[in-house]
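Report on one structure; see the data block that follows.
The values are calculated or read from the model by the stated rules, or taken from the named source; none is laboratory data. Quick caveat, the model's predicted, so the values are computed rather than measured. All Cβ positions, even for glycine, are placed from backbone atoms using ideal geometry, and neighbour counts span all protein chains on display. Calculation scope for accessible area: heavy atoms of the full protein, side chains included, ligands and nucleic acids excluded. Shrake-Rupley method; radii C 1.70, N 1.55, O 1.52, S 1.80 Å.
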Amino acid sequence: MGSNREKEQRVKFELNQSIAILERTPAVLKAYLSGLSEDWLKNNEGDGTWSPYDIVGHLIFGEKTDWMVRVKTILGASEDKKFKPFDRFGQFREDQHVPILKILEEFEALRSANITELKSFTITADTLRLEGIHPEFGRVTLAQLIATWAVHDLGHIAQISRVMAKQYQHEVGPWVAYLGILKQ
């Protein structure tokens, strides 16, 4: 008998499974980050890296300017299916002194509205194959966009964990040998 490690295990794209991740992200982040000190929230991994606070700002900026804008571009009646480039650093133009609870609540409200709107569309297997034009990648499908949205969330949750773990990189002493997150 082979172990699960020997086989590549994948979950096939399902809209509802992606939505399940997208719906949970705000609650995960709120539980994870609410009430933490500025040391946990505002420290990063060094020059050019993001803190947990920066990451939440990035997620908010994406909710406002990226994901649903692109969904609507694909589903819209217009012949022009080109996506506008996304400013991955747009969060840095926002007020950097807003309390974490307030930005977490803003993220929660924006995500809730976006998921409600996404669910309001009639999305079928055929709809999921519709395409938009990404400025870097070219043709992408609605299914790929929504899958990317979910994975984007998961990646940033992992990034927040890594950034926070690295704050104690030296404090763990010899256990660093067993803490893979500190080697990323």
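Hydrodynamic radius of the chain by the Kirkwood approach over all distinct alpha-carbon pairs: 18.3 Å. Stretching the chain fully between residue 151 and residue 75 yields a gain of 25.2 nm (0.36 nm per residue, less the alpha carbon separation). Considering only the other residues whose Cβ falls under 11 Å of the Cβ of residue 130, what net charge follows from Lys and Arg at +1 and Asp and Glu at -1? Net local charge, residue 130 excluded: +1. Here the calculated FRET efficiency for residue 47 and residue 94, from their Cβ-Cβ distance with R0 = 22 Å, stands at 0.60, rounded to the nearest 0.05. Here the range 37-105 is treated as a Stokes sphere of Kirkwood radius computed over C-alpha pairs; at 4 °C and 1.567 mPa s its diffusion coefficient rounds to 95 µm²/s.
In this structure, residue 129 and residue 162 have a Cβ-Cβ separation that, at R0 = 25 Å, corresponds to a calculated FRET efficiency of about 0.10. Within the range 25-42, whose backbone N sits under 15 Å from a point 7 Å along Cα→Cβ of residue 101? From the range 25-42, the list is 30-38.
Tally Lys and Arg at +1 and Asp and Glu at -1 over the other residues with C-beta under 14 Å from the C-beta of residue 60: what net charge comes out? Value of the local net charge: -4. Under Stokes-Einstein, with the Kirkwood radius over Cα pairs as Rh, the value for the range 88-184 at 4 °C and 1.567 mPa s is 76 µm²/s.
Distance between Cα centroids, the range 10-40 to the range 94-167: provide it in whole Å. Centre-to-centre distance over Cα atoms comes out at 10 Å. Counting Lys and Arg as +1 and Asp and Glu as -1 over every other residue whose Cβ lies under 13 Å from the Cβ of residue 112, the net charge comes to -2.
Solvent-accessible area of the chain (1.4 angstrom probe, protein heavy atoms only): carbon and sulfur portion equals 54 percent. Backbone phi angles across the range 98-110, fed through the Karplus curve with coefficients 6.51, -1.76 and 1.60 (θ = phi - 60°), yield HN-Hα couplings of 6, x, 4, 4, 5, 6, 5, 5, 5, 4, 4, 5, 5 Hz in residue order; Gly and Pro are listed as x. Take the range 1-142 with all the other protein chains still there, run a 1.4 Å probe, and you get 64 Å² of accessible area per residue.
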